[in-house]
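The block underneath contains the structure these notes are about, expressed in structure tokens.
The values are calculated or read from the model by the stated rules, or taken from the named source; none is laboratory data. Since we're looking at a predicted model, the values are computed, not measured. Ideal geometry is used to build each Cβ from the backbone, glycine not excepted, and the neighbour counts take in all protein chains shown.
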Amino acid sequence: MATVNLQNISKTFGEVRALSPLDLHVKEGEFFSLLGPSGCGKTTLLRIISGLESPSSGEVRIDGSNVTALSPQRRNVGIVFQNYALFPHMTVFQNVAYGLEVKKMPGSEIRRRVEDILGKVHLLEKVNTPVPLLSGGEQQRVAVARAVVVEPRILLFDEPLSNLDHALRIETRAEIKRLQREVGITTIYVTHDQGEALALSDRIAILSKGVVQQIGTPDELYFHPHNAFTASFIGHANLFSAIACREYFGVQGLTESELLAVLPEEIILSNNSGKAKGKISNKEFSGSSVEYTIDFLGQSVKAHRPSSEKSFNGEIGSEVCLSLDASVQRKVKYE
Ligand SMILES: Nc1ncnc2c1ncn2[C@@H]1O[C@H](COP(=O)(O)OP(=O)(O)OP(=O)(O)O)[C@@H](O)[C@H]1O
Ligand SMILES: [Mg+2]
């Protein structure tokens with residue numbers, strides 16, 4: 001277990017500025033995610049932490065010591081990639097044991113450790129199975145076991161679940177979370193999926209175009225975003241201008257450089273006549289809620305209502321009245 005501190009880290013590739021100078025402090029045992037859209041610099045930052053890439057400026061510190069000039073091997077970090085990168089001609093046991101054999105550990109100790117970690121990822125019964133015969137989710141759990149078994153100081157994941165279907169993603173992410181809790185290892189996890197980051201992380205750094213937008217707990221980022229990017233990326237929030245707020249929702253006090261961020265579940269819909277009229281352009285039933293898309297002042301507004309709600313009935317093409325609860329006062333800056 002270790003802390004990770006990044007000081008003034010930046011990266012340019014020729015003309016491309018992949019990362020603007022940033023500081024990041026990951027605590028001991030923390031599950032920390034780097035979240036942002038494609039091309040925002042997540043993989044670059046993870047590779048700099050691992051030593052696979054060198055930064056254009058700044059320092060990487062693991063447990064207080066400066067590792068910026070050290071090779072990946074000497075940093076003692078475990079990495080799990082999207083494509084598993086397992087040895088295809090080997091069994092589960094051989095894949096997981098590999099790193100321990102490189103360290104010339106005695107055979108009995110290797111067996112003990114491999115069986116222990118395979119028990120933790122629920123793969124003990126597959127110990128002698130060749131990896132091509134495993135499902136995608138099982139292969140990814142082997143990759144996680146292989147990274148953890150050598151007891152690295154930190155564990156790094158780069159979009160480890162993107163090759164899996166939806167159900168397996170949910171199942172495998174729960175396994176990763178459980179294992180991380182159990183072994184207590186400091187983890188940095190890259191994803192572009194906000195649901196995944198919210199479900200897994202102690203804290204999240206949101207990146208856009210190589211710039212850290214905000215760092216916080218899932219709850220802080222969801223309910224208290226600082227800017228429009230974070231609000232829409234994390235909570236799919238609707239953003240209303242000062243004028244729209246004043247004219248249609250009776251919300252005062254926004255400056256011209258602020259927007260009101262309203263979560264889809266905070267939009268109240270009714271069949272009443274009111275000032276804020278919109279037209280339903282789409283409606284999707286998702287089990288617990290109904291997700292409406294509403295054309296309102298040239299904006300596409302998202303509203304999620306509990307499917308048990310009986311006070312409102314709206315079909316595609318029908319007119320609807322929008323309102324906000326008085327408690328919605330989430331002002332955010334333009335990006
Ligand atoms: N080796 C490289 N040479 C030149 N440009 C690069 C290199 N690696 C990354 N980049 C550029 O740096 C930026 C950040 O890339 P990076 O791979 O870190 O993004 P990402 O957030 O991981 O995206 P994705 O979600 O698609 O994996 C992109 O504009 C990318 O094209
Ligand atoms: Mg990437």
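Residues in the range 86-131 that are surrounded by 11 or more Cβ atoms within 10 Å (Cβ to Cβ) and among the small types (Gly, Ala, Ser): ALA97, GLY99, GLY119. Of all the numbered requirements in (1) within 13 Å of ligand 1 (Cβ to nearest atom); (2) surrounded by fewer than 20 Cβ atoms within 10 Å (Cβ to Cβ), ARG74 misses one, and that requirement is (1).
Among the listed residues LEU45, LEU52, identify the single one that is under 22 Å from the mean Cα position of the chain (by Cα), part of a helix (DSSP H, G or I) and in the same structural domain as ARG141 (by TED's automatic domain parsing).
Checking each option against the conditions leaves just LEU45.
Listed here are the strands (runs of 3 or more DSSP E) enclosed by the range 144-239 that have at least 3 residues being within 16 Å of ligand 2 (Cβ to nearest atom), surrounded by 22 or more Cβ atoms within 10 Å (Cβ to Cβ) and modelled with pLDDT of 95 or more: 186-191, 203-208. Take GLY287 and decide whether it is in a loop (DSSP other than H, G, I, E, B), without any contact (Cβ under 8 Å) to a residue 60 or more places away in the chain and not assigned by TED's automatic domain parsing to the domain that holds TYR222. Judged against the criteria, GLY287 is a match.
Would you pick out the residues in the range 60-90 that are part of a strand (DSSP E or B) and either over 14 Å from ARG146 (Cβ atoms) or β-branched (Val, Ile, Thr) (or both)?
From the range 60-90, those part of a strand (DSSP E or B) are 60-62, 65-66, 77-80; that's our starting set.
Within the range 60-90, VAL60, ARG61, ILE62, SER65, ASN66, VAL77, ILE79, VAL80 qualify.
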